[in-house]
Amino acid sequence: MEWITKNLPYLMAGISVGGQYALIAIGYTMVYGILRLINFAHGDIFMVAGLIMVYAVTVMPMPLAIVLVIAATVALGFFVERAAYKPLRSAPRMSVMISAIGVSYLLQNLALYITGGLSQQYPAIPWLSDTVTILGATTKRVTLVTPVLTVALVVVLVLLIKYTKIGMAMRAASRDFETSQLMGIKLNSVISMTFVIGSFLAAIGSMLYFTNYTGVTPTAGAMPGLKAFVAAVFGGIGSIPGAVIGAFIIGICENIIKGLGWTTFSDAFTFALLIVILIAKPTGLFGEKAIDKV
Amino acid sequence: MKKTTKAIWNVGLIAALLILLFLLEQVLPSSSMLFMVLKKGAIYALVAVSMNLLNGFTGLFSLGQAGFMLLGAYTYAILTIPVESRASVYQYFDGGIVQFSIPVPLALIAGGIVAAVFAFLIGLPVLRLKSDYLAIATLGFAEIIRAVFQWDKLGPLTNGSNLLRNFPTFNSVLYPFIVAGICIGLIVLLINSTYGRAFKAIRDDEIAAEAMGINLAHHKQLAFVISSFFAGVSGGLLAMYQTTIQASMFRSSMTYEILLIVVIGGIGSITGSCIGSFLFIACSEWWLRFLDNSNLYIGDFHLTFMRPGFRKVVFSIIIMAIVLFYRKGIMGDREFSIEAVQKFFRKRFKKKQTVEGGSSHE
Amino acid sequence: MKKRILSVLLAAAMLSTLLAGCERKPEAAADGTGSADGNVVRIGVFEPASGDNGAGGKQETLGIQYANYVTPTVEIGGEEYTVQLDIVDNESSNDKAPSAAATLVSDGVSVVLGSYGSGVSIAGSDTFKEAGIPVIGVTCTNPQITEGNTHYFRICFLDPFQGTVLANFANDNFGAKKAYVLTKLGDDYSTGLGYYFTQAFEALGGEVVEETFQEGNSDFTSYITSAKNEGADVFFAPSSTEVAALLVEQAASQGLEIPLLAGDTWDSNVILNAAEGKNVDIYVSTFYQEGGDPEFDAGIKEWINSDSTAKANNGGDDTVSGLTVMGYDAYYVALEALKAAGSTDPAAVNEALWDVTYSGVSGDISFNEIGDANRDAAYIKHANTETGAWDFVAEQSVAQ
């Protein structure tokens, strides 16, 4: 029992942060699946969602602010795709990736300019931020809510992709970009939809994440973003369940490493895991085999 | 133009540049921002060219540059801190375990070699990966290297995560120019050799290159190791410029900056990378600083939007504009040369002449 | 061809920004000279305004700005000079520090104040040294800053002192036998103070568990769990305010019952705001306790409340931080040095600084042979989570 009380907090922290990574990772994996683009700006969109919340609650009640954060983040994701990635559709993949780095740079600097470089205190969301005690371990309720909510959202998303028309279009586009166009799929709207879904999940993720870790800084999205991307690669990029499982594994491992006292290496371990999996199984845990087109 | 005259022109140009720098240094106070920018620009030019060798000429998308610079910078610093100041630098580690120092040029080369050795070891497994996977794996390695160098068990060697300082620094702006110049010259020679042609063949079409009898693994490894060697040297130079170094400086954002320089200059253009580097550094460190001034007035109108941070917003908008509307960068994949300039002006001149000629006939 | 023209245009655009940059500067200077009779002395402010230490840097700058507001002129060599503050942001980043320092040097400042954060101070030091410009450290407490340098001075106490004070305090007040020390990798202030605390605490017969965290980390739950599991009596976390806010919040939500101990960086309303209404026990050592000089307190509060930018920079209220007081005092030390030097020449100011004495709000200031202030007292404050203010606990000194 004592062992549980001592070690449960690590596990809970790991599961909760894993769930938050998972929500970000889905955005990466879906975009990569269709555009073959590492959307470096995704982590920063997540950060901007946090900032919007900080400013929104000063002028409106919380429920309205939550709606606004989701709407604004989705709009931002949509706009970024239209402005920075769509014009480069025919350009080499490296150009698009650099455009993504540019957007990330721009969002961070805008946040720096608006916040004046100071860390912003994230507002406490009622109910989610309440303290609860389970099995002798004290934590915020959000820690317990995150994994449940994540899994629920993922199930909905998977059903959406499996059974709706737009989902089918997404799958077709990720399988073969050119042919799907020939089949009459409106690629632009499919891609926009991907960004909308990704940003929506990032907005939810940001609420959960920042409720736990309450400081929003211009670079707050960089590390979670990178780790979520690693999770997406780990699980097999393009695969949604893969990204989610990868995110949970990374979140839990990271906290176990910290618990063992190897704190210097908690980030490095994530990358080491990534490299091992890339070398052993280059397409990730659940990735489809890549086909070389000559 | 004949090959010899071309060579003479190039040598003459470089000599003129160095003499100009020397004169500038005599005339202007050494504290001028110009020298800051020139020094840092030269260092970034070298690392940008080394990255271009991989990304632009061999088609290997690597994002590990910051890690290799870290290796070079640490090797340089560890080997050159004077023995008498080691006790104060390694104050938490009883002066460290390295109790000698070697001359600066040797230490720079040693930095390059250490980076190259690591690149060789990392390259063995990683270079089998393709494009984005390679990028993310090299990025991961850079982060791992950074963590290892911060580990306090290695403290007697690396001073843990604390600053390394007191090592020799530049006394003249010519130094980074000459070192970076020699290194870039070597890279140019490499690119124009048979190896360089093999690299370009791999970039353009791996399968065709293999069919032509190019050993893919060998050449990729070679490009990776050489690029890392020069990244290591530039890391050593960066240490000299910064006067203090620390593992936490070498974040992935540093690699992104270098990548942006390569793209702005033009992927696959050596001179482009150099020009891009100077422009990038000058803009980010110097020219745009006035935008941060919150007390600017035009007449009586207070420019309230100008406050700290505005400079960076403007800078990132400029970068986005270049990336979106000017995809090939400043030079595209061409090179700056006397010949090109002559051609450029000759064309202009001819056009003018014809126009003038036309008007005189009337 | 079109591309060529575009490239020329682009270069021209960049050049024009250069020219614009040049044009503005004399203009700004002209503004300053216009007000007085032509004499201007520039004091550089080398402080972070963004990044990890942005909040603290801004509060320190605030003290300097207030001092400049109170005393905008100085008499040097019989002539009236207008003091112009030249503020640059070193971005709390050791790799940006040299170029920020170079900006000040090329602007021709006579003396520099700063910086909050020991790492950036060390990183910028050599640039000032080469240019022969003296620097007055305001709250940078790491011994390495002044050690072996003749151009770097400081008006605050040092980490070996602060670490010992805190270790003694932990031992005396809580009877602490085991301390959990959490420091940030790559932050010389954090690792330095952690090191000296550990030394002192172990010398008192205590036991220390050391942990580190990476830059960019915002998840401290595992560290707090470890501290609990280790059965530590105090949690010592010398870190930036940004981290502090996260740590306080997470400590509260995890029900950490042991006291949180920190150094001078935590003396900020950022921590007070994070702790307000929560069940946490925070003690910090610092330079000043509000109420020490009521006249000064009233003056600066009025100034902060009258200026919305200043108020925002102070974290949105008018709590006077020890950092602000130190900035205020540093400005006057610089003026004293300028007066004593009788010239705006940096070398003369540097020479004069050795003998400067000044009775500031934070106490008497004079420099020893290393360039450090002779200080032997630190204030310990406790965060009152109900009123959101600092409560004075004790004034501590160390038997030398």
Taking every residue of B:247-260, the Cβ atoms of other protein chains inside 10 Å of its Cβ average out to 4
Counting sequence-distant residues (5 or more places) and residues on other chains, those with an amide H built under 5 Å from that of residue A:132 are A:139, A:140, A:141
Descending packing, highest mean Cβ count within 10 Å first, for C:137-147, B:74-84 is C:137-147, B:74-84
Interchain or sequence-distant (5+) residues whose placed amide H lies within less than 5 Å of the amide H of residue C:365 are C:358, C:359, C:360
FRET efficiency for residue C:359 and residue C:317 from the Cβ-Cβ distance with R0 = 22 Å, rounded to 0.05, comes out at 0.20
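Provide a whole-number value for the mean count of partner chain Cβ atoms within 10 Å of the Cβ atoms in peptide C:42-55.
Working: counts 0, 0, 0, 0, 0, 0, 1, 8, 11, 7, 4, 1, 9, 4.
Counting Cβ atoms of other protein chains within 10 Å of each residue's Cβ and averaging gives 3.
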Gyration tensor on Cα atoms of the stretch C:49-110, a ≥ b ≥ c root eigenvalues, a/c under 1.5 rounded, else prolate if a/b beats b/c, else oblate, says oblate
Nearest 10, in degrees from 0 to 90: the angle of helix C:241-253 to the longest Cα principal axis of chain C is 30
Ignoring trypsin sites (Lys or Arg not before Pro) buried by more than 15 other Cβ within 10 Å or outside DSSP loops, the longest site-free run in chain A is A:187-288
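Could you work out the percent of alpha carbon pairs in the stretch A:84-132 separated by over 18 Å, rounded to a whole number?
On the way: 676 of 1176 pairs.
That tail contains 57 percent of the Cα-Cα pairs.
Order by neighbour count: A:73, A:219, fewest other Cβ atoms within 10 Å first, most last.
Ordered from fewest to most neighbouring Cβ atoms within 10 Å, A:73, A:219 come out as A:219, A:73.
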Non-local residues with an amide H under 5 Å from the amide H of residue C:394, with H modelled 1.01 Å from N and Pro and chain starts lacking one, are C:380
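Need one word for the stretch C:274-400: rounded, prolate or oblate. Basis is the Cα gyration tensor (sqrt eigenvalues a ≥ b ≥ c); a/c below 1.5 gives rounded, then a/b vs b/c decides. If you can, show how the numbers build up before the last one.
Working: a/c = 2.89, a/b = 1.55, b/c = 1.87.
It is oblate, given that a/c is not under 1.5 and a/b is not larger than b/c.
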Quick calc of log₁₀ I(q)/I(0), the stretch A:45-144, Debye, one scatterer on every Cα, no solvent, q values 0.13, 0.18, 0.21, 0.22 1/Å, result -0.64, -0.94, -1.08, -1.13
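Please compute the average number of Cβ atoms from other chains found within 10 Å of each residue's Cβ in peptide A:5-13. Write out the running numbers ahead of the final one.
On the way: counts 2, 5, 2, 1, 8, 5, 0, 2, 8.
Mean shielding count: 4.
For the ranges B:246-253, C:201-208, A:26-33, C:373-380, what's the packing order if you count other beta-carbon atoms within 10 Å of each residue, average per peptide, and put the highest first? Numbers along the way, then the final one.
Numbers: B:246-253: 23.2, C:201-208: 15.2, A:26-33: 27.1, C:373-380: 19.1.
Descending packing order for the listed peptides: A:26-33, B:246-253, C:373-380, C:201-208.
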What one gets for chain C as the Kirkwood radius, inverse of mean 1/r over different Cα pairs in Å, is 21.9
So the pair-distance distribution of the stretch A:2-280, from every Cα-Cα distance in 5 Å bins, comes to percents of 1, 6, 12, 17, 19, 17, 13, 8, 4, 2, 1, 0, 0
Working note, the protein assembly as shown: Cα radius of gyration (Å, one decimal) and Dmax (Å, whole number) are 29.0, 104
Taking only the alpha-carbon positions of the stretch C:187-307 as identical scatterers, the Debye log10 I(q)/I(0) at q = 0.12, 0.13, 0.19 Å⁻¹ comes out as -0.51, -0.59, -1.09
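Could you tell me the calculated FRET efficiency between residue A:60 and residue A:156, based on Cβ-Cβ distance and R0 = 30 angstrom, to the nearest 0.05?
Values: r = 27 Å, r/R0 = 0.91.
That gives a FRET efficiency of 0.65.
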Between the residues C:83, C:373, C:309, the Cα farthest towards the positive end of the dipole of chain C, that dipole coming from +1 and -1 charges on the beta-carbon of Lys, Arg, Asp and Glu, is from C:309
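Let me have the 222 nm mean residue ellipticity of chain B computed from DSSP H runs of 4+ only, each contributing -39500 (n - 2.57), with the sum over all residues rounded to the nearest 500.
It comes out at -22500 deg cm²/dmol, rounded to the nearest 500.
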Between the alpha carbon centres of the stretch C:124-159 and the stretch B:62-111 the gap in Å comes to 23
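Where does chain A land at 222 nm, in deg cm²/dmol rounded to the nearest 500, when only DSSP H runs of n ≥ 4 count, each adding -39500 (n - 2.57), divided by all residues? Walk me through the numbers before you get to the answer.
Details: 11 runs with 206 residues, N = 294.
Theoretical 222 nm ellipticity from helices: -24000 deg cm²/dmol.
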With DSSP loop assignment and no more than 16 other C-beta atoms within 10 Å, the chymotrypsin sites (Phe, Trp or Tyr not before Pro) in the stretch A:203-289 are A:262
From fewest to most C-beta neighbours within 10 Å, the residues B:53, B:121, C:256 line up as B:121, C:256, B:53
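What is chain A's relative contact order, in percent, from Cα pairs under 8 angstrom and six or more apart in sequence? Present the calculation step by step, with values, prior to reporting the outcome.
Working: 456 pairs, mean separation 105.6, N = 294.
Worked out over chain A, it gives 36 percent.
Express in % the proportion of alpha carbon pairs of chain B at distances exceeding 40 Å.
On the way: 13345 of 65341 pairs.
In whole percent, the share of Cα-Cα pairs in chain B beyond 40 Å is 20.
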To the nearest 10 degrees, the tilt of helix C:159-174 (Cα long axis) against the first principal axis of the alpha carbons of chain C is 30
Output ordering of B:172-179, C:391-398 (per-residue mean of other Cβ within 10 Å, highest first) is B:172-179, C:391-398
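Only Lys, Arg, Asp and Glu count, each charged at its Cβ (+1, +1, -1, -1), so figure out the dipole size of the stretch B:1-144 about its Cα centre, rounded to 20 debye.
On the way: 8 positive and 5 negative charges, 134 e Å.
Magnitude of the dipole: close to 640 debye.
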Helix C:2-35 sits off the longest principal axis of the Cα atoms of chain C, rounded to the nearest 10 on a 0 to 90 degree scale, by 90
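What FRET efficiency comes out for the pair residue C:377/residue A:93, r = Cβ-Cβ distance, R0 = 45 Å, nearest 0.05? Don't skip to the answer; put the middle values down first.
Values: r = 63 Å, r/R0 = 1.39.
It comes to 0.10.
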dims of the stretch B:242-284, Cα set, principal axes, largest to smallest, nearest Å -> 31, 19, 16
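All of the numbers you see were taken from the coordinates with simple rules; none came from a lab. Please read these numbers as outputs of a predicted model, since none were measured by experiment. Every residue, glycine as well, gets a Cβ built from its backbone with ideal geometry; the counts of neighbours run over all protein chains shown.
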